[in-house]
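A short worksheet on the structure shown next.
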Amino acid sequence: MSKEKEISKEEIVSGIVSEHKETSGPLLIILHEIQKALKFIPPETVPLIAEGLNLSRAEVHGVISFYHFFRSAPPGRHTIQICRAESCQAMGSRQLEQHAKQSLGIDFHQTTADEQITLEPVYCLGNCACSPAIRVGDDIHAHVGPAAFDAILADLATEKVEVQN
Ligand code: FES
C-alpha cells in the first residue's frame, strides 16, 4: 500500500494560484489550469482563488458562471461535444442536438445520472466540410446523424471507443 499522501484539491488549487497570481490577468489562466488539473473547478475552492487574487468570491464565481466552458461539477466519464456553428447547423446539427438530449435525458452542460456522459455545445470543430461534426473525448466524428450518434453511444457503453477527456 502506498504511503504517499494524496494531494487535496485545495492544495492543487493553491499551487496553481501561487504559480500564476503575478501574471497579468491571472484569473482566466488560473481557472483554465484548475480545470485542466481537476476537470472542473470545485466550488469549495472559490474562496482560495478569491483570496489569492484579492478578489471577492462573487467576482470569481461570476467569471466561472459567465464562461460555459468552466464546469463546477465533475464531468462524466466521456464528454460529447456537438457543434452548433453555422455549417453544422445547415447540415442538421440542431436535430442531432435534440436527438442527443432526448436519448441521454440531459441538456447541454449536464451529465447523465450514471455519470457516464457529459453533453456540451461547441462552436466549430474545424471539420465543417464533414458536418455535422461532434467530438467524443479527443476524437472528432464526421457526418453524424441520429443513427450514427446512437452507434457511438452504444460503442461507448461497451468501451469499444477509446476516449480520453
Ligand atoms: S461548423 Fe461544425 S465543424 Fe465547423
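In summary, the helical segments of the chain meeting the span-like criteria, namely a full DSSP H run, a Cα extent along the axis of 15 angstrom or more and a mean Kyte-Doolittle hydropathy of at least -1.0, are 9-20, 26-38, 146-157. Among the lysines of the chain, pairs at least eight places apart or on separate chains and with Cα atoms under 25 Å apart come to 10.
Per the Kirkwood formula on distinct C-alpha pairs, the Rh of the stretch 78-157 is how many angstrom? Each step should come with its number before you reach the end.
Values: mean 1/r = 0.0822 Å⁻¹.
It is 12.2 Å.
Measuring from each cysteine beta-carbon in the chain, the ones with no other cysteine beta-carbon under 4.7 angstrom are CYS124, CYS128, CYS130.
Note on the chain: Rg/Rh from Cα positions, Kirkwood definition for Rh, rounded to two decimals, is 1.04. Treating each Cα of the stretch 25-120 as an identical point scatterer and summing with the Debye formula, the log10 of I(q)/I(0) at q = 0.21, 0.22 Å⁻¹ comes to -1.01, -1.05.
Taking the Cα centre of the stretch 9-66 as origin and assigning +1 to Lys and Arg Cβ atoms and -1 to Asp and Glu Cβ atoms, the resulting dipole is close to 200 debye.
For ILE41, nonlocal amide neighbours, meaning residues 5 or more places apart or on other chains whose placed amide H falls under 5 Å from its own, are ARG71, SER72, ALA73. Evaluating 6.51 cos²θ - 1.76 cosθ + 1.60 at θ = phi - 60° for every residue in the stretch 106-121, the Karplus couplings come out as 9, 9, 4, 6, 10, 10, 4, 4, 7, 6, 8, 10, 10, 10, 9, x Hz, glycine and proline recorded as x.
Among 125-137, 50-62, 26-38, how do they line up by average Cβ neighbours within 10 Å per residue, starting with the highest? Could you put the intermediate results ahead of the total?
On the way: 125-137: 18.8, 50-62: 14.8, 26-38: 17.2.
The peptides rank, most packed first, as 125-137, 26-38, 50-62.
Calculate how many DSSP beta bridges within the stretch 78-157 are antiparallel, expressed in % of all such bridges and rounded to the nearest 5.
That works out to approximately 55 percent antiparallel.
Along the charge dipole of the stretch 9-66, pointing to its positive end and built from +1/-1 on Cβ of Lys, Arg, Asp and Glu, which listed residue (HIS32, GLY52, VAL13) has its Cα farthest out? Of the options given, the answer is HIS32.
Working from label points 7 Å from Cα in the Cα-to-Cβ sense, the ASP155 to ALA58 distance is 4.8 nm. P(r) for the stretch 9-66, from all Cα pairs and a bin width of 5 Å, is 4, 21, 38, 28, 8, 0 %, short bins first.
Where a number appears in this text, it was derived from the coordinates with a stated rule and is not lab data. Quick caveat, the model's predicted, so the values are computed rather than measured. Cβ coordinates were reconstructed from backbone atoms using ideal geometry, including for glycine residues, and neighbour counts include every protein chain displayed.
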